[in-house]
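A short write-up of the structure that comes next.
The values are calculated or read from the model by the stated rules, or taken from the named source; none is laboratory data. As the structure is a prediction and not an experimental result, all values here were calculated from the model. Here the Cβ positions follow ideal geometry from the backbone for every residue, glycine too, while neighbour counts run over all protein chains shown. Just the protein is used for accessible areas: all its heavy atoms, side chains included, with ligands, DNA and RNA removed. Shrake-Rupley method; radii C 1.70, N 1.55, O 1.52, S 1.80 Å.
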Amino acid sequence: MSNVYRVIDANLNRLKEGLRVVEDIKRYGFNDKALAIKIKTLRHKAKIPQNDFIKFRDSTNDVLKSSTKDEQKRADLNDIITANFKRAQESARVLEECFKIVNLEYSELFKSIRYELYEIEKEIY
């Protein structure tokens with residue numbers, strides 16, 4: 001299970017980080033209180049106990065921790081929002097799938113988060 005737990009840990013972090021980036025840009029960059037609150041609420045919904053997973057973290061030996069050239073290019077705040085929405089959606093999908101092995105309730109939670117992200121992204125664009 002340690003390999004599944006490592007995937008879960010990485011994607012919990014990735015999901016929350018992506019949501020935080022979008023939340024802060026909507027809050028501070030665009031003064032969009034309504035969307036910032038929606039994202040913040042969703043980020044808090046994704047908070048589950050991480051103690052079982054964090055002990056399997058191995059960021060030192062992550063084989064893909066270097067950024068790609070595409071990850072280093074952003075034209076404006078909207079590009080950053082788009083990239084981080086995709087990051088959060090993809091992470092929610094990975095969590096949904098991995099939790100099918102570990103905890104079906106959490107699998108459904110992350111499925112619902114993924115669909116909420118699709119709706120919020122549509123609302124923004």
(request) Please list V4, V102 in order of solvent-accessible area, largest first, computed with a 1.4 Å probe with all protein chains present. (result) V102, V4
(message) Before I look further, what does segment 25-125 give for accessible area per residue, probe 1.4 Å, in whole square angstrom?
(response) 68 Å²
(message) Just to confirm a number: summing +1 for Lys and Arg and -1 for Asp and Glu over residues other than A36 whose beta-carbon lies under 12 angstrom from that of A36, what do you get?
(response) +4
(message) If I compute solvent accessible area with a 1.4 Å probe over the protein chains, what percent of it on the chain is carbon and sulfur?
(response) 50 percent
(request) For the chain, count the residues as N, evaluate 2.2 N^0.38 Å, and divide the Cα radius of gyration by that value, please. (result) 1.08
